[in-house]
Each structure stands twice: as C-alpha cells, then as structure tokens.
Amino acid sequence: MSNDTNVDDPPEDASDAAPDEDGREQPPERQGDRPPLEDEGDRGDDLDEPIDGFDPSSDEDDDLETVEDLGSTVEVDPGVEVDEEIAEDDLLGGLKIDSTEDIEVPDRLVDQVIGQDEARDIIIKAAKQRRHVMMIGSPGTGKSMLAKAMSQLLPKEDLQDVLVYHNPDDGNEPKVRTVPAGKGEQIIDAHKEEARKRNQMRSILMWIIIAIVIGYAILTGPILLGILAAGIIWLIFRYTSRGSDAMVPNMIVNNGDQRVAPFEDATGAHAGALLGDVRHDPFQSGGMETPSHDRVEPGAIHKSNKGVLFVDEINTLDIRTQQKLMTAIQEGEFAITGQSERSSGAMVQTEPVPCDFIMVAAGNLDAMENMHPALRNRIKGYGYEVYMDDTIEDTPEMRRKYARFIAQEVERDGRLPHFTDDAVEELILEAKRRSGRKNHLTLHFRSLGGLVRVAGDIARAEDRDRTTREDVLQAKQRSRSIEQQLADDYIERRKDYELQVNEGGVEGRVNGLAVMGEDSGIMLPVMAEIAPAQGGGQVIATGKLQEMAEESVQNVSAIIKKFSDVDLSEKDIHIQFVQAGQQGVDGDSASITVATAVISALENIPVDQSVAMTGSLSVRGDVLPVGGVTHKIEAAAKAGCTKVIIPEANEQDVMIEDEYEDMIEIIPCSNISEVLDVALMGEPKKDSLVDRLKSITGTAFDQGTVGSAGGSNPSPQ
C-alpha cells in the first residue's frame with residue numbers, strides 16, 4: 001500500500017521530496033518496502049563486503065577492520081612511560097603513573113571494552129554487515145556496553161523521521177510516511193503554520209458573522225435570541241476547526257538531533273512499549289475525540305529503526321511478544337495497534353511502520369531455555385551467538401587495561417576523585433581474587449565498578465582530591481554483598497549460642513564449608529550417627545538436600561561400604577546438615593565432610609574441631625576440586641578454625657586477604673586418606689584406619705586419577 005494515498009501533504013517548501021504528477025510530494029522509499037530477510041541470503045557472509053552508508057576506504061572505518069588494535073594499548077600523558085622490564089611482576093603492568101588522571105580514556109565505547117575480545121570482534125563485524133547478535137553470559141560482563149558500542153559503529157546518514165497522518169477515508173487506519181532525519185520537524189511546523197492561518201481566517205470570519213447577528217438582533221428587537229444564535233455560531237466554528245487541526249501529522253520517531261544511530265534498551269519492556277501502542281480515548285463522540293493518528297505511540301522497535309534494539313533477559317518477554325518481535329525482524333516493518341483488547345485503541349491499526357533494526361539479545365544461560373526457538377533461529381540464522389567470558393588471563397597488558405577501566409569509571413561518573421597508584425593496585429588484586437582462578441582476572445566489571453564508586457564516594461566525603469588504598473579497603477568492607485553480611489551474621493549468632501565448635505574433638509561432627517551467593521563463605525557443620533537398622537540398612541540425610549547433594553551422599557556411601565569392617569546392612573547411617581537454612585544444601589562440595597563424619601561415627605574416632613574442610617569426593621576416594629575456596633577459607637578463619645582442608649587441585653586458586661594468612665593453615669589433600677590423617681584424632685586407631693584406606697585408594701592415584709580430576713570443572717558450591 002502506498003503511503004501517499006489520500007494524505008494531505010505539507011507545503012512543498014517543507015520537504016525535499018519530489019512531487020508526483022498530481023502535485024503531491026512523494027515520500028522517500030521505506031526500508032520496510034524492501035524484500036524480507038529471507039531474500040537476502042545471497043548477500044553471503046563475506047565480512048569485507050561494503051554495505052550502504054559504510055565506506056571501508058575511509059580512515060575511520062579502517063580502524064574497525066581488526067580487533068587487535070582496539071583498546072590494546074593504554075595511552076598516558078606525555079612523559080609517563082611503561083617499564084616493560086618490570087611489567088610481568090608489577091600489578092600495574094609496568095605503568096608509571098601517580099594516579100588514574102595520567103591515563104587517557106578512549107572516546108569510543110568499543111575501545112573501552114576490556115577482556116571480551118571475541119565478543120567485541122563479532123560486534124564490529126555485525127555492525128559492518130548489519131547482523132543480529134545474541135550474547136549469553138553472567139550479569140555485569142559488558143553485554144549492554146557492547147550493544148551501545150555497536151550503535152556508535154553504525155552509519156547515521158540514512159536515519160529517518162516517521163510521521164503518522166490522518167486518513168480521511170478511514171480514521172482507524174492512519175497513514176505512515178518516512179522522511180530523512182530532520183525533515184520531520186520542518187513538515188510539522190509547515191502543517192501547524194497552515195493550520196494556524198486557516199484557524200485565523202475562520203476566527204475572523206466567525207467574529208464578523210457573530211457581530212452581524214448581534215447587531216441585527218439589537219436593531220430588530222429580540223437581543224436574547226441574537227445572543228443565542230451567536231453562541232450556536234461559535235460552537236459550529238469551534239467544532240469544524242478541529243478538522244483542520246487533525247490534518248497536522250504526528251511525528252512518532254524524531255531523529256533530527258540524533259548524532260549516532262539510535263540505541264533502544266527494551267529490557268523488561270511490556271508489549272506496548274516494545275511494539276508500539278495506541279492510547280485509549282474515552283471521548284469517542286460529540287466532536288471531543290482525539291484523532292486516531294495523534295494517539296499512536298511508537299515502540300522500541302520503531303525508535304531503533306536504522307539502529308540497535310537491545311533486549312536483556314530476553315526469555316522474560318511474553319511468548320506472543322517474542323513472536324511479534326520475530327515478525328518485525330523478518331519484515332523490517334511492523335504496524336502499530338492498541339495492545340489492550342478492551343481499549344478503543346485496539347480498533348486503530350496504522351500502515352506498517354519501518355523497524356529495520358539490528359537485534360542484540362542478551363541473557364544468562366537460562367535465557368535460552370524459555371526463548372522462542374523460532375526467534376533464536378532467526379537471530380542465529382542472520383547473525384551471531386557469542387558466550388561472554390567470566391575471567392581473562394592475567395597479563396601485564398590486561399593489568400594496564402584494568403587501570404584504564406578505573407580511569408573510565410572515574411570519568412564516566414564525573415564526581416569521583418582519581419585513584420592513586422596503590423589504590424589501583426588494590427583494585428587489581430581484588431579483580432584477581434574475584435576471578436576464583438590462578439593467573440586470571442574477573443570480567444564482572446559491574447560489581448568491580450561498584451567497588452570503585454564506593455571507594456571514590458568515601459574519598460569525596462572526606463573532601464580529598466585522590467582516592468587511596470585505605471579508601472578501597474574500607475569500600476570492600478562497606479560494599480559486602482547481602483549474602484556476605486548474612487554469613488557474617490550467622491557466624492556471630494552461632495558463637496553466641498555455642499553452636500560453633502572450633503576446638504577439642506567430637507565423634508561424628510565435622511566443620512564443613514559452603515558458599516552463599518557468589519562471594520561469601522559460611523561454615524556448615526555436618527553430624528553423623530550410626531543406629532541399628534529396623535530393616536535393611538540405609539543412609540538417611542536431612543537438611544533439605546538438593547539433587548546434587550543427595551548424589552554426593554550416595555557416592556560417599558560407596559567408599560564407606562568398601563573399607564568398613566562393619567556390616568552396613570545392619571546399620572542405619574543418619575547424616576544431618578546442621579542449620580542448613582531454608583535454601584537447603586546444593587552441590588557436592590560437602591562430600592569429604594560427609595565421609596569424614598560417617599567414618600568418625602563408625603570407627604568411634606573423634607574429629608579435630610579446629611579443622612574445617614571442603615571438597616568433592618569420587619567413588620574411589622579422590623578429592624576433586626570445588627568452587628569458592630577463597631571465600632570458604634576466609635569463613636573458616638572468621639569462625640575461629642586454625643586449619644582448613646581443600647582439594648589439592650584448588651591450591652592454585654587460593655587468594656585470601658592478608659588479614660587471614662596468619663590466622664589459618666591451608667592443607668591441600670588429594671585423597672580421603674590424607675583428609676582423615678589431618679582431621680581425625682587418637683593416634684593408634686587413626687593410624688590403623690588411614691593405613692587401611694591407603695591400600696584401597698592408592699591404586700586410583702597411581703593411575704593418574706588426580707590429574708584428570710583436576711582438569712574437571714569445579715563445583716559451584
């Protein structure tokens with residue numbers, strides 16, 4: 001359907017569009033009129049092929065050809081150098097700076113992205129070839145920043161304004177016209193001027209007629225009748241003047257002041273905000289109604305025309321909304337109608353409105369489960385899927401980039417004092433700790449940026465012109481997560497009620513360690529008791545165990561049955577996770593804790609309560625790596641334990657705070673016999689038990705089982 005049919009167009013001087021043979025201007029061709037994306041399959045995947053509005057020969061575009069040169073260096077003020085000789089061991093990567101003020105921050109967002117090289121490379125290619133992208137990864141790893149960076153890489157020359165006109169043939173089907181960006185305001189102003197002139201002439205004519213009527217009434221007699229007639233004339237002119245106002249178009253998309261391609265964040269948007277809507281009009285008769293084209297509201301898909309539409313947590317969108325979004329992606333245009341079935345706006349439906357956007361969908365791993373398969377297929381078929389990294393290898397170059405990240409956060413906030421070199425070093429150390437891996441740095445920049453802002457706020461509150469290391473240390477305490485605050489509170493309460501035992505020996509009781517959230521550890525005691533079986537022997541575990549925790553208990557029972565001289569068919573083994581809380585226990589990191597508690601109860605050998613432990617256990621007695629060891633060790637130290645057992649494979653991941661290093665001894669173990677040798681008390685019985693276990697578990701380790709276990713993915717608990 002042509003856009004210029006039955007539309008009252010603005011004067012010729014309001015637009016550069018050429019008039020047709022009837023004297024009416026022709027609107028520019030809409031992007032939505034092009035064939036759907038299926039017909040573009042022959043464009044190929046050659047990423048070097050130029051597209052409209054993108055000149056690969058220009059100097060600016062040459063910078064986008066490869067990812068290696070983007071943000072790979074840290075520019076500093078003249079006179080500040082990088083000492084490559086000490087870069088390997090220096091926390092600043094050899095940067096010789098007094099503060100982050102010496103570091104130059106790149107202008108473009110794509111140059112500010114750190115660590116996500118593959119994702120950044122894909123964003124550059126997708127911007128060049130107008131491809132859709134889906135980014136999956138943990139929150140705070142830079143998905144929204146990459147989407148914004150993509151909008152800056154798109155050409156802005158072909159941006160458009162979108163106007164909606166009254167349709168005199170059918171008021172419930174407004175006409176849609178697209179014009180070059182900036183022309184829309186000229187057209188609106190021209191229409192308003194014409195309407196003002198018409199209304200002015202009508203007003204003059206109205207007052208002349210009213211004056212004549214009243215004058216005639218005064219001369220001929222019935223003045224009251226003349227006043228009544230004047231009022232009727234005023235109402236008639238008032239009513240008919242609304243028709244001329246209805247001819248003024250409604251500009252629903254205005255890109256006149258847009259300096260870069262549009263970027264619309266539609267995360268969590270309801271259907272109307274995403275797809276467009278038509279406002280409800282309670283006055284639908286008597287000349288008081290608002291013209292339907294004036295009630296049309298654009299959606300994010302229309303505002304992002306020629307730009308980027310970013311939707312995070314895309315699986316939270318209603319399934320019907322995802323279907324309509326898929327249609328918009330496929331057709332490049334989408335008509336606007338009322339989203340509420342009971343609203344008068346549901347009767348209105350515009351002509352298709354251009355929505356030729358690049359879709360950037362994002363989410364966590366679970367986002368793919370509830371995402372409409374056809375929508376995902378549409379994105380994948382005409383674009384890229386990329387997984388966002390959580391950590392990056394710790395190199396001097398990356399440390400320099402982290403220093404630049406802090407400078408970026410200070411500049412972006414605009415109110416924080418710059419950070420001294422030792423404050424930057426402390427933040428880089430924290431990035432190493434939060435990675436949970438040896439020789440790696442975390443890429444969870446949102447939480448790290450929060451720490452930067454808290455530290456800066458502390459310095460600013462004290463009216464200092466620099467943020468120091470002491471401010472960062474104080475900020476780490478103040479910016480603890482809710483889980484960490486709860487964990488600390490639990491530890492203190494257990495001390496008050498003597499639920500926490502950290503000295504002496506107790507049979508069947510072991511201080512286990514667990515993780516709350518992502519960055520907090522807690523000590524979780526496990527108790528075991530052996531009782532005569534009423535029927536066949538069984539293992540009974542309480543504490544709201546989740547599926548993985550239940551399976552770990554079964555694995556432990558295999559070890560026990562293999563070494564024990566006791567006939568377990570005549571015994572019931574009761575295992576309790578003390579005060580596990582409403583969330584229960586998940587993961588298998590308590591395996592060695594359960595095994596130690598049960599073996600202690602079976603053999604009547606006390607467990608040293610100054611020892612805490614964490615680790616997974618294979619059915620052959622191997623101690624396997626787990627996650628969160630740093631936070632667990634710190635929790636054990638806070639609880640007053642003096643020793644902590646961890647898997648040998650996790651020894652490289654330990655990065656505890658300096659204050660805990662002298663408080664606790666870290667003992668890495670590779671098999672259950674080593675764990676029992678450290679944890680159990682009572683030399684004669686313990687030595688006999690450990691020797692017996694070594695004969696059972698030694699074969700597995702001779703065959704190199706530990707090496708393979710160390711290469712497996714650690715449990716998150």
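Observations, loosely collected:
- Only one of D107, D111 that is outside any helix (DSSP H, G or I) and either closer than 28 Å to Q152 by Cβ or at pLDDT 90 or above (or both): D107
- Any hit, segment 357-380, residues being surrounded by 24 or more Cβ atoms within 10 Å (Cβ to Cβ) and more than 20 Å from the chain's Cα centre (by Cα): yes
- Unique residue being touching a helix residue (DSSP H, G or I) at 6+ places or on another chain (Cβ under 7 Å) and modelled with pLDDT of 90 or more when the list is L429, L416: L416
- Among the candidates E518, E507, E529, the residue that is open to solvent by 60 Å² or more (accessible area, probe 1.4 Å), among the charged types (D, E, K, R) and at pLDDT below 80 is uniquely E518.
- Annotation: of all residues in segment 600-631 being at pLDDT 85 or above and β-branched (V, I, T), the one that is farthest from the chain's Cα centre (by Cα) is I605.
- Selection within segment 114-129 - closer than 20 Å to P155 by Cα and among the charged types (D, E, K, R): R120, D121, K125, K128
- Among residues of segment 227-262, those that are at pLDDT 80 or above, more than 30 Å from E157 (Cα to Cα) and either of a type in the set (K, R) or open to solvent by less than 80 Å² (accessible area, probe 1.4 Å) (or both), counted: 4
- Meets criteria (touching a Cys at 6+ places or on another chain (Cβ under 6 Å) and closer than 21 Å to A541 by Cα) for A612: yes
- Considering segment 622-668, the residues that are in a loop (DSSP other than H, G, I, E, B) and not hydrophobic (A, V, I, L, M, F, W, C) include one that is surrounded by the most Cβ atoms within 10 Å (Cβ to Cβ), namely G628.
- When P668 is tested against the conditions (1) at pLDDT 90 or above; (2) in contact with a helix residue (DSSP H, G or I) (Cβ under 6 Å, 6 or more places away or on another chain); (3) more than 20 Å from H440 (Cβ to Cβ); (4) not charged (D, E, K, R), the lone failure is (3).
- Every condition in (1) open to solvent by less than 70 Å² (accessible area, probe 1.4 Å); (2) part of a helix (DSSP H, G or I); (3) out of contact with any Pro (no Cβ under 7 Å at 6 or more places or on another chain) holds for I187 except the one numbered (3).
- Reported count of residues in segment 335-363, each being closer than 26 Å to P180 by Cβ and either touching a Lys or Arg at 6+ places or on another chain (Cβ under 7 Å) or in a loop (DSSP other than H, G, I, E, B) (or both), is 10.
- Some residue of segment 406-419 being part of a strand (DSSP E or B), out of contact with any Pro (no Cβ under 7 Å at 6 or more places or on another chain) and within 28 Å of G94 (Cα to Cα): yes
- Checklist (1) modelled with pLDDT under 90; (2) among the hydrophobic types (A, V, I, L, M, F, W, C); (3) open to solvent by 40 Å² or more (accessible area, probe 1.4 Å) applied to L473, failing item: (1)
- For I392: the one exception among (1) in a helix (DSSP H, G or I); (2) under 20 Å from K143 (Cα atoms); (3) touching a His at 6+ places or on another chain (Cβ under 8 Å): (1)
- Conditions (1) among the small types (G, A, S); (2) closer than 24 Å to R108 by Cβ; (3) crowded, with 18+ Cβ neighbours inside 10 Å: number failed by G436: (2)
- Among the candidates K324, K306, residue that is basic (K, R), open to solvent by 20 Å² or more (accessible area, probe 1.4 Å) and modelled with pLDDT of 90 or more: K324
- When residues of segment 381-399 are limited to those that are touching a helix residue (DSSP H, G or I) at 6+ places or on another chain (Cβ under 9 Å) and of a type in the set (S, T, Y), the one most open to solvent (accessible area, probe 1.4 Å): Y387
- Some residue of segment 333-345 being in contact with a Leu (Cβ under 9 Å, 6 or more places away or on another chain) and open to solvent by less than 10 Å² (accessible area, probe 1.4 Å): yes
- Neighbours by Cβ (under 6 Å, 6+ apart or cross-chain): first from segment 182-207, within 16 Å of I252 (Cα to Cα); second surrounded by fewer than 17 Cβ atoms within 10 Å (Cβ to Cβ): G182/G256; E185/G256
- If the condition is being under 13 Å from the mean Cα position of the chain (by Cα), surrounded by 18 or more Cβ atoms within 10 Å (Cβ to Cβ) and assigned to a loop (DSSP other than H, G, I, E, B), then segment 139-176 contributes G140, T141, G142.
The values are calculated or read from the model by the stated rules, or taken from the named source; none is laboratory data. Note that the structure is predicted; figures quoted are calculated from it, not measured. Methodologically, a virtual Cβ is constructed for each residue, glycine included, from the backbone with ideal geometry; neighbour enumeration extends over all protein chains shown. We work out accessible area using only protein heavy atoms, side chains counted, and drop any ligands, DNA or RNA first. Shrake-Rupley method; radii C 1.70, N 1.55, O 1.52, S 1.80 Å.
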